[in-house]
Amino acid sequence: MLPIMRTLCRVPLFSVLLLLVSALAVPAISASLPAGFAETRLASGLDRPTAMAVAPDGRIFVCEEKGRLRVIKDGALLPKSFVQLLVFAHGERGLLGIALDPDFESNHYLYLYYTARKPGGAHNRLSRFVADGDVAAPGSEKVLIEFPPLVTELHNSGTLRFGPDGKLYISVGENYIPENAQRLDNPLGKILRFNKDGSIPADNPFHARTKGLAQAIWALGLRNPFSFAFQRTTGRMFINDVGNHTWEEINEGVAGANYGWPLAEGPEGPSSEPGLRGPVFAYEHGNGPEKGCAITGGTFYDPPAVLFPESYRGRYFYSDFCNGWIRLFDPAAGTSDPFASGIASPVGLIVDDTGNLYYLAHKGGEVYQVRFTGNGAPTISVQPENQRVAAGEGARFAVEASGAAPLTYQWRRNGRPIPGATAAVYTLPAVTPADQGARFAVVVRNAFGSVISRPVRLEVAPGHRPVAAITAPAPGTLYRAGETFAFQGGATDAEDGALPASALTWRIDFHHDDHLHPFLLDTPGIAQGTFTVPRLGEVAPTVWYRIHLFARDRDGLMAETFVDVRPRHSTITVATSPPGLQVTLDGTPRTAPFSELGVVGITRTLGVVSPQTLNGEVYEFISWSDGGAANHTIATPESDATWTATFRKRSQKLP
C-alpha cells in the first residue's frame, strides 16, 4: 500500500517490550479540519483498507489488503464480505484496486485488481465480477488480464479508474526495478489503458510499436503511481507518483507522456533530459505540514452537487501516507494549501456525487466521510467503542466531536449523568464485577445545539490477561539480506496455564525510517515459523524487521510482545577513472566518486553512462574493477568495498 504502506515510531535497538493490550478498542483520533468542516467515521475494524468506490445508491465498497471486499450500506459495515479472494498479501501486494462499471446500475459489473497466488510466486490480476445485491454472484469472476510475475513485493500501485472516454485505466508500479519504467516491452511503471472487456484499444499511443500486454501502455516513466483521478467536468487527469529519496509528484496525465523515472525526478530533473514531462506540482521529503514521503490518495472536487464552499470547486485533494495529512492543490495557481492533518496513513480519497469527501485511514482500519457543516452545531466524528477488560484494569471511553467552540461533554452511565465526567474522555480506573454490562454514552453541546453518542457496553472478563514471550530470535540478532530466520514463542495464562498455538497470532512488519511495509500479515494458529529476508527491495540502511506475537485467552483478553531484528551494514563506494564521470546506481545517474551505507547482502545494480562528456572531452566505458558487464548486479558485501568504472577518451586507443 501499498507504498502501500508507511507509519510507526522507532524504538530502542532490539528492545523487547511486553504490551498489555487493553481489550478496549483504542479510540481513533479524528483529523484536524478547517472551520466549518466535520468528519464522521463510517466504519472501523477493517484490515488494512487500500481502496474504495461509491456506488450510485450510496453503498461504499472497500478493499482490504488480505482480499476481502467489504460493503458499507446505510452507514453500517455489513458483516458479510462482497467477495473473499485468495490473494498474495505480503509487502505491498494484495487487493489493491476497485472500479465500478459506468453502467453499474444496469449491468452490475465491478472490477478488482489484486495479487493472485500461483505456484512459485505471484502476479497481479484484473478481474470483473457481477454484483448480486451486496455480494458477488457465485462463479461470476471473469479474469480479464494476467500481469507478469512479480520479482519483488514493492511498487504495485493498482488504482483503477474509468476515463471520460469510457476506457479502463490502471496504474502499475515498476516492481522496484527502476529500468522497467522506461521499457516498452513490459507494462510495469506505466499507466495502462484497456477496453471494458480487457482488450487493448488500437489507438493507444504505443500500440504499433509494441506487442502483447505492452500495447496497453498509455504513459510511462513512473515509479509507483499509487493513485490517479479524472476531473469530471474537464476530463483532466492527475497522477500521483511516489518518489524515491527527494520528491513526491503530481503529474498531468497525457497520452504517450514519459515522466522520467529513473532518469529524472522532481520539478528540475526533466529539464535536463529531452522528451520528458515534469510534474505540475511536487513536494519534498521530510517532516512537517508540507512535506512527506509517499503521495497516496488523490481526487478532484467537482461533484454534480457542490456542498463545499465554491472556492473548493476544481481543486485537487491529495494525501501523504507518512505524515498523515490531506492538502488541496489549486491547478490554476499552482499552489497548495492545508486541509486535514492527524490521519493514520490516509489512502483512497474520493468525492461522491453528493459532494462529500471520503478517505481511508489505512493504519487505523477506518473509513471517514468529511462534510461541510457551516452552522457550527456539534457533530460526533468518532464514536466511543465497546470495552472488554479484566477486573482491576482500567476502562477508557472516548469520543471525538467538532463544532463551534466551546464544546461541553456530559457522560452518562445507564442513562444517568456521571458527576464530574465532563471531558471528551471518561476513565474508570479499576473496574469490578459490579460494572459488568454497564452502558455508557456522552452528550456533546454548544450554543448551536447538542448531539448524543451511541451507547456502548462494558464487559468485565473473568481472570487475568495472558503473558506472551518470544523465545527466538534473541534480542540483539542482526540480519543480512537472503538470510532465513526462525521465530518462536508462546504465552501463559494464570487460569489456563500454557496457551495452545491456536491462541497465538504472528505478524512481521518491515520498518523504513518512520513508516512500515507489511511483511508477514497476521498469521494465526502457529507457535513457530520462518521467514527469509529478501535480497531485492529497499536499499536504505535505516530499516529493520519487527516481529509481533499476540496471544488471546479463552476470556478474550489479549497480550502482545515484539522483538526487533536490525541489519548488518557496510559501505559501498563507487568511483570512476578518471574521477568526476557519471555512473548509475539502481538506475539513478550519480557523479562519482560517492559512498553509500547499505544492508549486507542486499542486491544493487551498477551501470554506466556511455558515452558522456566531461570538461569538453567525450569518454567511453571500458570496464568495471570487478570484471562485471557495463550494467550488472552486486550484493552489498560483508565489509566496506569499492567498485571503479574505467573510461577512456574517445580519441584514445585501448592499451
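The values are calculated or read from the model by the stated rules, or taken from the named source; none is laboratory data. Note that the coordinates shown come from a computational prediction; the quantities given were computed from them, not determined experimentally. With ideal geometry, Cβ positions are generated from the backbone for all residues, glycine too; neighbour counts draw on all protein chains shown. SASA here: full protein model, heavy atoms, side chains in, ligands and nucleic acids out. Shrake-Rupley method; radii C 1.70, N 1.55, O 1.52, S 1.80 Å.
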>> Please determine whether any residue of region 440-448 is β-branched (Val, Ile, Thr), assigned to a strand (DSSP E or B) and open to solvent by 30 Å² or more (accessible area, probe 1.4 Å).
In response: no
> Failed condition for residue 245, given (1) open to solvent by 30 Å² or more (accessible area, probe 1.4 Å); (2) more than 30 Å from residue 67 (Cβ to Cβ); (3) over 23 Å from the mean Cα position of the chain (by Cα), with all others met?
Replying inline: (3)
> Would region 46-60 turn up any residue that is at pLDDT 95 or above, part of a loop (DSSP other than H, G, I, E, B), more than 21 Å from residue 522 (Cα to Cα) and open to solvent by 20 Å² or more (accessible area, probe 1.4 Å)?
Replying inline: yes
> Name the residues in region 122-181 that are under 20 Å from the mean Cα position of the chain (by Cα), not in a strand (DSSP E or B) and not hydrophobic (A, V, I, L, M, F, W, C), would you?
Replying inline: 152, 153, 155, 156, 157, 158, 159, 173, 174, 175, 176, 178
> From the list 288, 256, which one is surrounded by fewer than 16 Cβ atoms within 10 Å (Cβ to Cβ) and at pLDDT 95 or above?
Replying inline: 256
>> Checking the condition open to solvent by less than 30 Å² (accessible area, probe 1.4 Å), within 30 Å of residue 157 (Cα to Cα) and within 36 Å of the chain's Cα centre (by Cα), which residue from 458, 504, 516 passes?
In response: 516
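For the structure I just gave you, tell me whether residue 144 is surrounded by 23 or more Cβ atoms within 10 Å (Cβ to Cβ) and more than 21 Å from residue 349 (Cα to Cα).
Judged against the criteria, residue 144 is not a match.
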> Of the residues in region 61-98, how many are closer than 16 Å to residue 160 by Cα, among the charged types (D, E, K, R) and in a strand (DSSP E or B)?
Replying inline: 1
>> Can you pull out every residue in region 87-113 that is open to solvent by 10 Å² or more (accessible area, probe 1.4 Å), of a type outside the set (A, V, I, L, M, F, W, C) and in contact with a Lys or Arg (Cβ under 8 Å, 6 or more places away or on another chain)?
In response: 109
> Across region 530-553, what is the number of residues that are open to solvent by 20 Å² or more (accessible area, probe 1.4 Å) and modelled with pLDDT of 90 or more?
Replying inline: 8
>> Can you list the strands (runs of 3 or more DSSP E) lying wholly within region 327-372 that have 1 or more residues being at pLDDT 95 or above, among the aliphatic types (A, V, I, L, M) and under 20 Å from residue 64 (Cβ atoms)?
In response: 346-351, 357-361, 366-372
>> So for region 428-436 (the condition being in contact with an Asp or Glu (Cβ under 7 Å, 6 or more places away or on another chain), assigned to a loop (DSSP other than H, G, I, E, B), open to solvent by less than 50 Å² (accessible area, probe 1.4 Å) and modelled with pLDDT under 95), does at least one residue qualify?
In response: no
> Which one of the conditions (1) within 30 Å of residue 238 (Cα to Cα); (2) among the hydrophobic types (A, V, I, L, M, F, W, C); (3) buried (at least 20 other Cβ atoms within 10 Å of the Cβ) does residue 411 fail to meet, given that it meets all the rest?
Replying inline: (1)
> Is it true that residue 264 is touching a Leu at 6+ places or on another chain (Cβ under 9 Å), surrounded by fewer than 23 Cβ atoms within 10 Å (Cβ to Cβ) and within 20 Å of residue 222 (Cβ to Cβ)?
Replying inline: yes
> Residue check: is residue 496 charged (D, E, K, R), surrounded by fewer than 18 Cβ atoms within 10 Å (Cβ to Cβ) and more than 25 Å from the chain's Cα centre (by Cα)?
Replying inline: yes
> Would you pick out the residues in region 414-427 that are outside any strand (DSSP E or B) and surrounded by fewer than 15 Cβ atoms within 10 Å (Cβ to Cβ)?
Replying inline: 414, 415, 419, 420, 422, 423
> Of these, 642, 646, which one is open to solvent by 70 Å² or more (accessible area, probe 1.4 Å), among the polar types (S, T, N, Q) and at pLDDT 95 or above?
Replying inline: 642
>> Quick check on residue 511: is it in a strand (DSSP E or B), out of contact with any Ser or Thr (no Cβ under 6 Å at 6 or more places or on another chain), modelled with pLDDT under 95 and not aliphatic (A, V, I, L, M)?
In response: yes
> Only one of these conditions is not met by residue 601: (1) buried (at least 18 other Cβ atoms within 10 Å of the Cβ); (2) within 30 Å of residue 459 (Cα to Cα); (3) of a type in the set (Gly, Ala, Ser). Which number is it?
Replying inline: (2)
> What are the residues in region 392-408 that are at pLDDT below 95, within 29 Å of the chain's Cα centre (by Cα) and open to solvent by less than 40 Å² (accessible area, probe 1.4 Å), if any?
Replying inline: 399, 401, 402
> Within region 331-380, which residues are charged (D, E, K, R) and more than 24 Å from residue 77 (Cα to Cα)?
Replying inline: 337
> Hey, among 584, 573, which residue is open to solvent by less than 40 Å² (accessible area, probe 1.4 Å), among the polar types (S, T, N, Q), within 26 Å of residue 640 (Cα to Cα) and at pLDDT below 95?
Replying inline: 584
> Under the condition of being outside any loop (DSSP other than H, G, I, E, B) and within 11 Å of residue 647 (Cα to Cα), which residue from region 599-612 is nearest to the chain's Cα centre (by Cα)?
Replying inline: 608
> What number of residues in region 619-639 are open to solvent by less than 50 Å² (accessible area, probe 1.4 Å) and farther than 25 Å from residue 540 by Cβ?
Replying inline: 5
